[in-house]
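What follows is calculated from the coordinates using simple rules that are stated; it is not laboratory data. As the structure is a prediction and not an experimental result, all values here were calculated from the model. Cβ coordinates were reconstructed from backbone atoms using ideal geometry, including for glycine residues, and neighbour counts include every protein chain displayed.
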Amino acid sequence: MTEKATLTIDDRSYEFDMFTGAENERCIDITHLRKETGCITMDPGYGNTGSCYSSITYVDGAKGILRYRGYPIEELAQKAGFVEVCYLILHGELPTARQLADFRAEIAGHAALHENLKIHFSGLPHSAPPMALLSAMLNLVSCFHPEVLEVVAEGEEFERTAALLLSKVRTIAAFSYRMAYGKPFIHPNPNLSYCANFLHMMFSEPYQEYVASPVIEKALNLFLVLHADHEQNCSTSTVRVVGSSRANLFSSVSAGVSALWGPLHGGANAAVIKMLEEIKSSGQPIDHYLDMAKDKNNNVRLMGFGHRVYKNFDPRSVILKKRVYEVLDELQQEDPLLDIALELEEKTLKDDYFVSRNLYPNVDFYSGILLRAIGIPINMYTVMFAIGRMPGWIANWRELLEHKQRISRPRQIYTGSTTREFVELRDRG
Ligand code: CMC
């Protein structure tokens, strides 16, 4: 028997179906609320609103659990490659050796950019923000591959489009870095792994091949795996909202890139490093910065802290913190920003402001330090996040089409003027 929730408005009761998810999360289905009661719900920021049923990623914010398709993030981070995780997220199952080899080959085959698409990089100033470039270029890809304009969520056509996107995003990202530094583009090498090929396109020079050390390749792989999906976050919701109008995959993820750019979302990874550098160069004690972050009279926030869903700890941050130590150690590097980050975290754990609001380090807190160790410049950090999040965006776009989701179209409560008479210009004073 379906569980019911009862809502009473003006002495009249209404019943709504309840639904329990695979992990016992409960929801009240209010699809017919407005029709039956004339009311809508109000939930700015959607903190209590479910927008879809999804079988891709599970997050339990109270317990600090994250699973892609049922597999714990801790295990995937340790044992899986990024392309393998992409396959898992897109298809719901881990690939066989054959499936993985085919998927890798399909991705590798799409790595080059059309010559006329490359021309667009040269018209931009070197200072062009790589996130603006990524969003624009992803949309432009469809001009050179019109087949991706077809809104197809199944079969070989979808497989090809998804592989093309996973491949092009990596090349566009690397080329935007090359352009910013006035360096010539380096052609992809299909014989390299996904991560090694990206590092090759970033750091090789015309007569000097960059060969990624296994430590660096592994660190990049970990970064991408940890960012691969995170259920209905701001950018993924954006991809779904855009996709709900039946916009094609490339324009939908291009919008996702724009949403990710903001400092409250993916832009936080770069903001964290800027904050740590500011603390270092200011010479002020860390407490001074904490006081500023607690003071509601300014707009300072402790970047890389807090999360809408995680109210205990972010498991990705725990993994990153441990790995950052190991990577710096293996590379025989030291990073003074790590010491500041550790002290900052330690202090917040004893500070009532942060403890009472459940503000713990999120994925962006230690990821910048890892990217610094790999040699990625700060203006590319959020682009790296976008490369990592691509499988999640694609899978969510596909799922919404499979579920034939209605177009996203929230309601509002109007608070402006009620009807009034138009005043002629000459009479307005
Ligand atoms: N520093 C100081 N105070 C904070 C912070 C912070 N980083 N985050 C939240 N608060 C306070 C906030 O002022 C509020 O206090 P009060 O109840 O007294 O008004 C309370 O904590 C709740 O915050 P909120 O803004 O209502 O929480 P939210 O769920 O709407 O926002 C967040 C979540 C991640 C946007 C926010 O915590 C934040 O701005 N963090 C810093 C930016 C950041 O690190 N973003 C990355 C998020 S994780 C990865 C990703 O999505 O990309």
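Here are some notes:
- Check on Ser258, closer than 15 Å to Val383 by Cα, near the ligand (Cβ under 10 Å from one of its atoms) and polar (S, T, N, Q): no
- Candidate set from segment 298-327 (those that are buried (at least 19 other Cβ atoms within 10 Å of the Cβ) and more than 16 Å from the ligand (Cβ to nearest atom)); member that is nearest to Tyr71 (Cα to Cα): Arg323
- When segment 310-349 is filtered for residues that are of a type outside the set (Asp, Glu), more than 23 Å from the chain's Cα centre (by Cα) and not in a helix (DSSP H, G or I), the ones remaining, listed by number, are Leu331, Gln332, Gln333.
- The single condition among (1) farther than 21 Å from Val59 by Cα; (2) of a type in the set (A, V, I, L, M, F, W, C); (3) out of contact with any helix residue (DSSP H, G or I) (no Cβ under 7 Å at 6 or more places or on another chain) that Met303 does not meet is (3).
- Residue satisfying condition, being hydrophobic (A, V, I, L, M, F, W, C) and outside any helix (DSSP H, G or I), within set Leu140, Leu124, Leu100, Leu165: Leu124
- Residue count for segment 350-394 under the criterion of being more than 16 Å from the ligand (Cβ to nearest atom), farther than 19 Å from Glu231 by Cα and in a helix (DSSP H, G or I): the result is 4.
- Tally, over segment 6-54, of residues that are in contact with a strand residue (DSSP E or B) (Cβ under 9 Å, 6 or more places away or on another chain) and over 30 Å from Ala395 (Cβ atoms): 10
- Among residues of segment 111-121 being under 25 Å from the mean Cα position of the chain (by Cα) and not in a helix (DSSP H, G or I), the one that is nearest to Lys168 (Cα to Cα) is Ala111.
- Selection status of Gly38, surrounded by 13 or more Cβ atoms within 10 Å (Cβ to Cβ) and under 23 Å from Lys4 (Cβ atoms): no
- Filtered residues of segment 383-428 (kept if of a type in the set (Ser, Thr, Tyr) and surrounded by fewer than 10 Cβ atoms within 10 Å (Cβ to Cβ)): Tyr414, Thr415, Ser417, Thr418, Thr419
Results for (1) β-branched (Val, Ile, Thr); (2) assigned to a strand (DSSP E or B); (3) surrounded by fewer than 11 Cβ atoms within 10 Å (Cβ to Cβ), shown as yes or no for each residue.
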site	(1), (2), (3)
Ser55	no, no, no
Tyr58	no, yes, no
Val83	yes, no, no
Pro95	no, no, no
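- Sole residue being of a type in the set (Val, Ile, Thr), in a loop (DSSP other than H, G, I, E, B) and within 16 Å of the ligand (Cβ to nearest atom), chosen from Thr2, Thr31, Thr49, Thr41: Thr49
- Tally, over segment 4-43, of residues that are more than 21 Å from Tyr58 (Cβ to Cβ) and out of contact with any Gly (no Cβ under 9 Å at 6 or more places or on another chain): 27
- Those residues of segment 262-290 which are closer than 16 Å to Glu343 by Cβ, within 11 Å of the ligand (Cβ to nearest atom) and of a type outside the set (Phe, Trp, Tyr), in sequence order: Val272, Met275, Leu290
- Subset of segment 209-253 (residues that are surrounded by fewer than 24 Cβ atoms within 10 Å (Cβ to Cβ), away from the ligand (no atom under 16 Å from the Cβ) and more than 27 Å from Ala80 (Cα to Cα)): Val241, Val242, Ser244, Ser245, Arg246, Ala247, Asn248, Ser251
- 3 or more residues without any contact (Cβ under 8 Å) to a residue 12 or more places away in the chain: qualifying helices (runs of 4 or more DSSP H) within segment 234-308: 268-282, 286-294
- If you filter segment 395-408 down to residues that are of a type in the set (A, V, I, L, M, F, W, C) and in a helix (DSSP H, G or I), you find that the one that is nearest to Lys218 (Cα to Cα) is Ala395.
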